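The values are calculated or read from the model by the stated rules, or taken from the named source; none is laboratory data. All of these numbers come straight from a predicted model, not from anything done at the bench. All Cβ positions, glycine included, derive from the backbone under ideal geometry; neighbour counts span all protein chains shown.
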Amino acid sequence: MAGPLTVDVVAPDRVLWSGTAERLIAPTVEGEIGLLTGHEPVLSVLRAGTVRVRGGADGDAEFAIDGGFVSFDHDIVTVVVEPVVATGEAGETAAH
């Protein structure tokens with residue numbers, strides 16, 4: 001079985017969440033995308049919605065976003081977001 005994803009969710013001024021996860025779901029301008037280990041590389045613009053991080057040792061997290069972009073390559077996910085409101089238990093503004 002493949003290892004976990006390495007995920008960083010960042011705003012222009014701080015890291016909102018950092019850790020490992022089984023999957024990430026994000027609202028792109030082309031529709032919702034789900035990323036798992038082994039996914040082909042992706043660079044996509046995000047629309048307003050919710051970014052969901054699931055199944056990691058560092059806990060689940062959800063972030064309401066107004067936009068941004070997601071980059072995925074070699075099981076590393078970077079989500080750069082515009083104004084964010086943390087809505088999940090692990091969605092505090094402190095990094096893990």
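Scanning the stretch 8-28 for residues that are under 19 Å from Asp73 (Cβ atoms) and touching a Phe, Trp or Tyr at 6+ places or on another chain (Cβ under 7 Å) gives a single hit, Val9. Scan the stretch 43-51 and give yes if some residue there is surrounded by 15 or more Cβ atoms within 10 Å (Cβ to Cβ), within 13 Å of Val79 (Cα to Cα), touching a residue at least 40 places away in the same chain (Cβ under 8 Å) and not β-branched (Val, Ile, Thr), otherwise no. No, there is no match, as no residue in the stretch 43-51 is surrounded by 15 or more Cβ atoms within 10 Å (Cβ to Cβ), within 13 Å of Val79 (Cα to Cα), touching a residue at least 40 places away in the same chain (Cβ under 8 Å) and not β-branched (Val, Ile, Thr). Taken over the stretch 1-53, the criterion of being modelled with pLDDT of 95 or more, out of contact with any Pro (no Cβ under 8 Å at 6 or more places or on another chain) and basic (Lys, Arg) is satisfied by Arg23, Arg52.
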